[in-house]
Structure formats: structure tokens, C-alpha cells
Amino acid sequence: MTIRLTNTKTRRKEVFEPINRDRVQIYVCGPTVYDRAHIGNARPVVVFDTLFRLMRHVYGADSVVYARNFTDVDDKINARAAETGRPIRDITDETIRWYHEDMDALGALRPTHEPRATEYIGAMITMIEGLIESGHAYAAAGHVLFRVRSYQDYGALSGRSVDDMIAGARVEVAPYKEDPMDFVLWKPSDEGVPGWDSPWGYGRPGWHIECSAMSYELLGESFDIHGGGLDLQFPHHENEIAQSCCAHPHGSFARVWMHNEMLQVEGKKMSKSLGNFFTVRDLLEQGYPGEVIRMVYLGTHYGKPMDWTHEKAVQAEGTLRKIALFLNEDMLTKPMVDWRYARPTDDVVEALSNDLNTSLALTYIHKYLKERNELALVGSLTLLGLNPEIIREKFLSFSFGIADNGFAKKTSLSSWGSSEVNLQRIEELGIRLDTLRLSAMETKDFSKVDAMKTALLAAGVEVRMSKAGVELMPGPGFDASKLEALD
Ligand code: AMP
Ligand code: ZN
């Protein structure tokens, strides 16, 4: 399988060839941890999780290393601590916990490494010292600055010259800077602000150096892919390249650069003042399941701007519901298909291999659903990070479950006014159906199962089957008197 990726550095779609097939290495810039992640922040998470999953599929799960950092030293965090009077570590720990909860809900795998910047201060200091020694940085007034003019290729990633960038950027002019473009590697900390002892006094790192230091420590001086949102291309990624290439001139730093385009909401840039600013948690709490959010994201190619709309979410939910119904029916009417044998199809792997064409991959999902091809559907959904087991459970309206030991697992009575007696009755029927199904799987004769299912449906009971057993749920048209036919 040939993987092709659009490399921001060359502005071309290139055949991807890893430096080492046994250790494919990816680094992605992660969040600054002072608040809940918003739905724009979740876009790179889903995009690069999909890339991670594709790479694991193609090269083997143990042959891919994915590092994504937590920026836990930053002036926004300091400001939050000052506002709230809370210790910084409390804020960053809590935010990291939230981040994990929210991104788990989107089906994102945890990266192999999730380094916190504050754990790599020593590595940053070493790197800065090296840059000063080689003339690429200088210390001035408690600060250390990177000498941008000392790096010939500065601006190559975004395709702009230093002079163009000066004209377009809000560069901070400061008396201690040799050149307005020079950026901060280290700065002094006042009392009450986090800081570390360094050769340049008590202080803290600038933002960019952390990714250069952490990627070097975890992945080495040359690695395969560096990712992040397009907003990071300049200055953050230009600065990372300048630092890393000057500190390790024999390495190539990242071979391929990938940038996801920005997310908007209902056609507008997300902003608090427009009232269209949402965190991932907001959406989850408003009732959009994580699988719906993920499916909406996968519908747009990562290189294109993406619009979050309620309408798209409704469509995705409809698709997931159809998938759930199909998976459930298929289990009921056919001998159980063992999902362990499910594999993503070549078509889906090929779509993802072509610069992560996730929307084409979703087209195949619709096709397998139409063809009622359970193994292709299950295998391909799994590769896309959409867990079929969860989809089946979550998207079949209410759940009145009978677990494998025959006892009610989950009961939701609010939607239907049924009595305890009927509940018990349905439980018994569930156990009976499960027994019938188990023997039918041996004899391959499903006629009794079908007859019972028909009678249950006539009584207004929804029927679902899973590996764990049978679930029966009285629907809106439930008529208890018709259960008598089943005696
Ligand atoms: P931050 O915490 O602001 O550094 O952002 C974390 C990640 O989210 C970075 O990779 C950003 O590029 C990305 N990001 C921020 N806003 C958006 C957005 N509206 N759409 C897509 N990605 C974004
Ligand atoms: Zn970074």
C-alpha cells in the first residue's frame, strides 16, 4: 500500500517513505492546558488520530510512535492561576484530565508519548546553550533570543521571505533584540510566576523551544511527520524548524509537514463574542455523541476548511443509527459473525492512504451498509476510529438490556409506562430468546428465533442481539396483552 501525503514544506502530494519502517515517528503540537478544548482544537486530534490508525494498520501497531505534547507552562495558564487563585499544577492537571476525557469520547487513541513541557526544561536549556555556542542565539537582559537572520531557510515552510514576514506579522520590538524578527527562547520570571534556574537567571522558556526539545528527546533529530493546525505554520513551526535545524544540523527534523485547516461554526469563525464558541464538552452535554462529532469531522478533508453544523450532525446520527440497526438485525437473523475477523477493506485503506481521504472512506461505509456487508463495515469503521460495538449499543434508542447472566443490565422506564410485571415478563422472554438463539447457532436453523422475533415485534418490543446476549425493549407501541401470544 502506497501512502501519499501533502507535504506543506514542498506544497506537493508525495509518496510517504518512512525513515525506518519499524519505527514510524509522528509529532503533533498539542494543547496549552488552561481550559477545556474547543471543537477547533479537536480537529487536529481527530485528523492525526486517523493518520496514527492508518500508520498502525500499514506498518504494524508496535511500529508507530506518536508524540503529542501538553504545553503546561504559558502566560495564559499564569493568568488563569492569578484570576482564580488556584495553583498552576491543579489547573494543568485538571485540564489534562478533561482533555483526555473529551478526546477519548471522540474515539481518539492516546498517543504513545504525551510529554509535558515542564518535564523537559533541562533539555530546553541544553538546546538553548548549544544554539548560543553556535552563534544562532544570544543572551540579552535576562532573555535569550534566536537570531533569525542566522538561519538561511527561515520562512521556507510558509514560503515567505523574512522581510515579507516582518511586514505582515505583529513582531514585538524590544530594546534587547538585535532584529525585530528574533524570537524568545528564554525569558526572565518575576516572583510568583513559574520559573527555573538557568545560566541566564531565573526564568522560563518561550513557547516554541519546547516542541524542538521534546521531539528531539523522544524521536531524535530526524523523524517522519510533524503535524498541527494551519494557524501554527507561522511563526510556531517556522521557529521550531529554525531551532531544531540549527541545533542539529545533521538531522532533517521533520521530513513531512501536515497542517489541518481551520474549523468554523455554521459558516462563521468561532468566537466567544458571536456566541458560537463551543468546547467539546459543550457538544457532548448538548447530546451530540462523540461518534457523531467524529463522523462529521471525517466528512471533510483535513486540508479544507471545515464547517461544524447541526445539520451535518443530524445526518451523521442518522447514518450511525442505520448502522446500529443493521448490525443488530444481522446478529439476530444470521449466525453470529465473529468481528475478530473483520478487516478494513482495501478500498478504505486506499482512500485513507491517498492523503487521508476520509470523506471517500465514509462513502464506502455507506456502500457496505447498503450491501449489508457486516465484516467490511465493522472492519472499516474500526479503522476510522468508530467503534462498531459502541455504535450498536448507543444508537439503538433506549436500552432495556439483559446481560449474559439473564438479569436486567440497564432499564429505562421513562419513555414507556410499563409495569414491573411486564418488565419481568420481558426479561423472561429475553432469556428464552437467547437460549433459542444459542441452539440455533449450532443447528443453523433460525426459524424459531425468527418466529419469536416476529411475535415480539408485533407486541411492540424492539429486539437486539449482541455477543453479550439479547436485549428487548418495549417501544412506543408496546402492547402487553400481545405478549400472551408467546406463552
Ligand atoms: P492551542 O491550544 O491553541 O495551541 O491549539 C491546539 C491545536 O488546535 C493546534 O494544533 C491548533 O492549530 C489547533 N486549532 C486551534 N483552533 C483551531 C480551529 N479553529 N480549527 C482547527 N484547528 C484549530
Ligand atoms: Zn509545536
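The values are calculated or read from the model by the stated rules, or taken from the named source; none is laboratory data. Just so it is clear, the structure is predicted and the values come from calculations on it, not from any experiment. For neighbour counting, all protein chains shown are included, and Cβ atoms are generated from backbone atoms with ideal geometry for every residue, glycine included. Remember, those area values only see protein heavy atoms, side chains included, never the ligands or the DNA or RNA. Shrake-Rupley method; radii C 1.70, N 1.55, O 1.52, S 1.80 Å.
Placing unit charges on the Cβ atoms only, positive for Lys and Arg and negative for Asp and Glu, gives the chain a dipole magnitude near 1080 debye about its Cα centre. Are there GluC sites (Glu not before Pro) in the stretch 127-186 that DSSP marks as loop and that have at most 13 other Cβ atoms within 10 Å, and which are they? Loop-located and lightly packed - Glu172, Glu178. Distant-in-sequence amide contacts of Leu396, defined by a placed amide H-H separation under 5 Å and a gap of 5 or more residues or a different chain, comprise nothing.
Inter-part distance, the stretch 436-487 to the stretch 116-155, computed on C-alpha centroids, equals 69 Å.
Take the Cα radius of gyration of the chain and divide it by 2.2 N^0.38 Å, with N its residue count; two decimals is plenty. With N residues counted in the chain, Rg over 2.2 N^0.38 Å equals 1.18. If you bin the C-alpha pair distances of the stretch 301-340 every 5 Å from 0, what whole percents do you get? Per 5 Å bin, starting at zero, the Cα-Cα P(r) for the stretch 301-340 comes out as 5, 19, 15, 17, 13, 11, 10, 8, 2 percent.
Near the amide H of Thr345, within less than 5 Å, lie the amide hydrogens of Ser380, all on another chain or at least 5 residues away, with H placed in the peptide plane. Taking all protein chains into account, the per residue accessible area for the chain stands at 44 Å² (1.4 Å probe). Close amide H pairs (under 5 Å, H built 1.01 Å from N) link Tyr27 with Ala67, Ile225, His226, Gly227, residues at least 5 positions away or on another chain.
Ordering of 231-237, 26-32 by packing is 26-32, 231-237, highest average first (other Cβ atoms within 10 Å, averaged per residue). In the stretch 4-260, the portion of solvent-accessible area held by carbon and sulfur atoms comes to 47 percent [1.4 Å probe, whole percent, DNA, RNA and ligands not counted]. Scaled against the 2.2 N^0.38 Å expected of a compact globular protein of N residues, the Cα radius of gyration of the stretch 1-144 reads 1.26. Once the Cα-Cα distance is subtracted from the 0.36 nm per residue extended length, the Lys272 to Asp164 segment shows a gain of 35.8 nm.
Using 0.36 nm per residue, how much length does the chain from Asn422 to Thr443 gain when fully extended, once their Cα-Cα distance is taken away?
On the way: separation 21, 0.36 × 21 = 7.56 nm, distance 3.10 nm.
Length difference between fully extended and current span is 4.5 nm.
Size descriptors for the stretch 4-260 (Cα atoms only): Rg and Dmax, in that order, 18.1, 53 Å.
Of all beta bridges that DSSP places with both ends in the chain, some 55 percent have antiparallel geometry. 3J(HN,Hα) couplings calculated from phi for the stretch 443-459 with the Karplus curve 6.51 cos²θ - 1.76 cosθ + 1.60 (θ = phi - 60°) are, in sequence order, 7, 6, 10, 9, 4, 5, 4, 4, 4, 5, 4, 4, 5, 5, 4, 5, 7 Hz; Gly and Pro show x. Listed by chain and number, the lysines whose alpha-carbon sits under 18 Å from that of Lys312, ignoring those within fewer than 8 places in the same chain, are Lys268, Lys269, Lys304, Lys322.
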